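Here, each number is a calculation from the coordinates, and none is a lab measurement. Please read all numbers here as calculations on a predicted model, not as lab measurements. Counting neighbours? That spans all protein chains shown, and the Cβs are built from the backbone with ideal geometry, glycine included.
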Amino acid sequence: MKIKLKRELSFSLNCNMSAYDFLFWVAYIPWLFWYAIKATTFSYFLPEVTTKLISLYVIGVLAVRWFVKGRYTIRRAAITGIFFGGFTISYIITSRITFIATMFVILSAYDVNFRKIVKISLAIFLSVMFMAIACSKVGIIENHIFIQEGRTRESLGYTYAGLINVMFMNCFYMIMYLLGDKMKLWHWIIGIGLMSFFYIKTQTRTDMFIILGLFVLWLLLLRRKTFTTDRFIFKAAATLIYPFVAVLSIVLTFIYNDRNRTWQKINEALSSRLNLARKMYLKEGYNLFGHDIELVGNTSVLVGNKRESDYNYIDNGYLQVAFLYGLFTLGVLVIAYTVVTRYAAKNNEKYLMVWLCMNAIENFIYPNLINPDYNILCMLLVITHIHIIDQQIPGVMNRLLWQKKRKKIRLKRG
């Protein structure tokens, strides 16, 4: 049974949108702007309670939005109940209201146009990024200077050196997705030029390697109109990449040996990520719904809230979710990412597939899986495209039932 309720809000600027859509943007834009600001040293001027207040505001607005919709199905209610039930248990255990706010945003984006989300998000991220750089250079906000192994590293207005590289890389993925086959060489020249500037200032190599690798991939494959992803090898890669990297991340916490020289070298190359993950596993272990853990990162040490010996930040996105929110949440996220990555491959959405596959790999070293501090766009990508896939399910089921019916008719005739 479906109940339809339509309410319209009209604006004088030739813009019509439903109350349902309006409430999403009223919640989403301030929420994303806050997380973009939170990554910069502008956040030092705001009280710590701001994040909690923003989270409560988002939960309140999106809870109202749920009732404005007025159109439900038993299937959608059941799926939402399962998701939200598991996430609520995680919240009760971990006491993270920001996590529940993030879940409200993700689930509310279910039937919102993803390209519109990308455009608005790109505008927010780029405006905050260049505002932070400009303000840090004229002394309005702090530009942290680090001396590491004889190298001078600047944060360019962000809370620590290298974070701006991650943010810019996320913006470049958005640009690549929006342009698609319209990507030109000059787009890459500008992108690589800006990343080179950030690399010189922050001395963070990873994202420089990533954008150069993407450029080579574009030159060899993506720019060719004859290149398609609906082949077996690409669909297999799309199906396996998230489960493989997630399982590998967890297995490494079991087998890492800090006394073995080979493991020591690998750990050093990964900036002690293996050692920190192993310590967290030995201290907390894994469970279904996570732990109440305070992750201490560079920012807390830098501003003097914590000692350097307290540092325990887990950069691996899969492990961060597993430790904070539990294996249930990790499993749900990996399945969701896998479904949409395979959908992108099957439908020859090559730039979408590349974005998701790169996200799967980057989550080994960055907490991009669901952390809004780093990148929330990929999870919104997943939930909005699951909506598209969900729309196709009735048609697929009808075809399967029709094939079964035809088979029965043939058997009767035989």
Ranked highest first by average number of other Cβ atoms within 10 Å, how do 170-182, 209-221 line up?
170-182, 209-221
Whole-Hz couplings from phi, Karplus 6.51/-1.76/1.60, listed for region 101-115; x for Gly and Pro
4, 4, 5, 4, 4, 4, 5, 6, 7, 3, 10, 9, 5, 5, 4
Normalised convex hull volume, region 122-280, alpha-carbon set, Å³ per residue:
166 Å³
Over 30 Å between alpha carbons, listed pairs Lys265/Lys350; Lys201/Lys350; Lys201/Lys265; Lys283/Lys346
Lys265/Lys350; Lys201/Lys350; Lys283/Lys346
Would you mind calculating the gained length between Gln264 and Asp292 on full extension (0.36 nm times residue separation, minus the Cα-Cα distance), in nm to one decimal?
7.1 nm
Taking R0 as 22 Å, what FRET efficiency do you get between Arg224 and Ile189 from their Cβ-Cβ distance, rounded to the nearest 0.05?
0.65
Pair Arg231, Ala123: separation of 7 Å Cα→Cβ label points (nm):
4.0 nm
Along Cα→Cβ, 7 Å out, is where each label goes; now give me the distance between the ones at Ala134 and Val64 in nm to one decimal.
3.3 nm
Of the peptides 284-296, 155-167, how do they stack up when ordered by the mean number of other Cβ atoms within 10 Å, highest first?
155-167, 284-296
Calculated FRET efficiency for the pair Ile361/Phe146, C-beta based, R₀ 30 Å, to 0.05:
0.70
Given 0.36 nm per residue, what is the gain on full extension from Lys279 to Ala19 after removing their alpha carbon distance, in nm?
88.8 nm
Qualifying GluC sites (Glu not before Pro) in region 131-167, DSSP loop, other Cβ atoms within 10 Å at most 10:
Glu149
